[in-house]
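Here the structure is laid out as structure tokens; the discussion comes afterwards.
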Amino acid sequence: MQQRKSKKILIYFFLLLIVGSINNINLNGLKFQNVNDINITGLDIKNKLILLKKIENFNLNNIFFINKIDLKDEIESITLVENYSIFKRYPSALDINIEKTKFLAKINKNGQIFYIGSNGKFIKNSSLNNELPFIFGNPKVFEFFKIKEIIDKSKISYTEIKNLYFFPSKRWDLELIDNTIIKLPNDNINLALNLAIEFLNDHKLIDARIQNQIILND
């Protein structure tokens, strides 16, 4: 009985060797096709070509071994990108769909005009949008998003803002498209803004810097 079991084990062992050898031969003979078709949508031609060159320089091998995470830095280096998705289209194509960021405001940094995108990045762009408010001063991005969120939750529309003035004391002034100035405090900004809005259309300078007080100037 023991001898019969030993023979079975030897037979199984040789079968494994044979099958393994056949698989190795087949695998060695397989040739995976490299990625030769990269489709990018959602960007203008200039930025599309920039991103395409970055990805091509990444030396992509066959599509089966591409790790999407490896492409993350290349795609996010394009400041216009807000969100994106990557799809593998077998056997050798890659589809990258880009959602562009929204321009929220303009700012002067070191003598150059940048847009602040909804992705939180400073973006250079050759065409200026004069409908967007201009930021004077040097706020951090999170400070701009903080005041914008307060404006968006207030009784005034962000589209009515012409300019935003940021001071070293971390305080903001708002200039509306009708040239009305609203001076805001450092604290309780949302309360002060909504209180100041009640006096619009009658005064060109509304000072809400003192808590629970409004100082008006025609």
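The rows are residues; the columns are (1) surrounded by 12 or more Cβ atoms within 10 Å (Cβ to Cβ); (2) at pLDDT below 90; (3) assigned to a loop (DSSP other than H, G, I, E, B).
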site: LYS5; (1), (2), (3): no, yes, no
site: TYR12; (1), (2), (3): no, yes, no
site: ILE18; (1), (2), (3): no, yes, no
site: ASN28; (1), (2), (3): no, yes, no
site: LEU49; (1), (2), (3): yes, no, no
site: PHE58; (1), (2), (3): yes, yes, yes
site: THR79; (1), (2), (3): yes, no, yes
site: PRO91; (1), (2), (3): yes, yes, yes
Does segment 119-168 hold any residues that are touching a helix residue (DSSP H, G or I) at 6+ places or on another chain (Cβ under 6 Å) and farther than 23 Å from GLU82 by Cα, and which are they? SER154, LYS155, ILE156
May I ask you to list pairs of residues, at least six apart or on different chains, whose Cβ atoms are under 8 Å apart, with the first in segment 144-160 being within 21 Å of ASN186 (Cβ to Cβ) and the second being at pLDDT below 95 and outside any helix (DSSP H, G or I)? ILE156/LEU200
Of ASN129, ASN108, which residue is of a type outside the set (A, V, I, L, M, F, W, C) and either free of Cβ contacts under 8 Å to residues at least 24 places away in the same chain or farther than 25 Å from THR41 by Cβ (or both)? ASN108
For residues that are surrounded by 17 or more Cβ atoms within 10 Å (Cβ to Cβ) and either over 17 Å from LYS153 (Cβ atoms) or not assigned by TED's automatic domain parsing to the domain that holds ASN130 (or both), tally how many sit in segment 182-193. 1
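Please pick out the residue among LYS68, LYS100 that is surrounded by 12 or more Cβ atoms within 10 Å (Cβ to Cβ), without any contact (Cβ under 8 Å) to a residue 60 or more places away in the chain, within 19 Å of the chain's Cα centre (by Cα) and under 27 Å from SER127 (Cβ atoms). Walk me through it before giving the result.
Working: LYS68 fails: under 27 Å from SER127 (Cβ atoms).
Only one candidate passes the filter, namely LYS100.
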Mind counting the residues in segment 111-125 that are touching a strand residue (DSSP E or B) at 6+ places or on another chain (Cβ under 8 Å), in a loop (DSSP other than H, G, I, E, B) and free of Cβ contacts under 8 Å to residues at least 24 places away in the same chain? 1
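Residue-by-condition table, conditions (1) modelled with pLDDT under 95; (2) under 25 Å from ILE215 (Cβ atoms); (3) surrounded by fewer than 17 Cβ atoms within 10 Å (Cβ to Cβ):
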residue	(1), (2), (3)
PRO133	no, yes, no
GLU149	no, no, yes
ILE156	yes, yes, no
ILE161	no, yes, no
PHE166	no, yes, no
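Give LEU128, LEU191, LEU132 a once-over and let me know the one that is more than 23 Å from GLU76 (Cβ to Cβ), over 21 Å from the mean Cα position of the chain (by Cα) and either in a loop (DSSP other than H, G, I, E, B) or hydrophobic (A, V, I, L, M, F, W, C) (or both). Write out each step before concluding.
Details: LEU128 fails: over 21 Å from the mean Cα position of the chain (by Cα); LEU132 fails: over 21 Å from the mean Cα position of the chain (by Cα).
One residue alone meets the criteria, LEU191.
The values are calculated or read from the model by the stated rules, or taken from the named source; none is laboratory data. Values in this document were obtained by computation on a predicted structure and should not be read as measured data. Cβ coordinates were reconstructed from backbone atoms using ideal geometry, including for glycine residues, and neighbour counts include every protein chain displayed.
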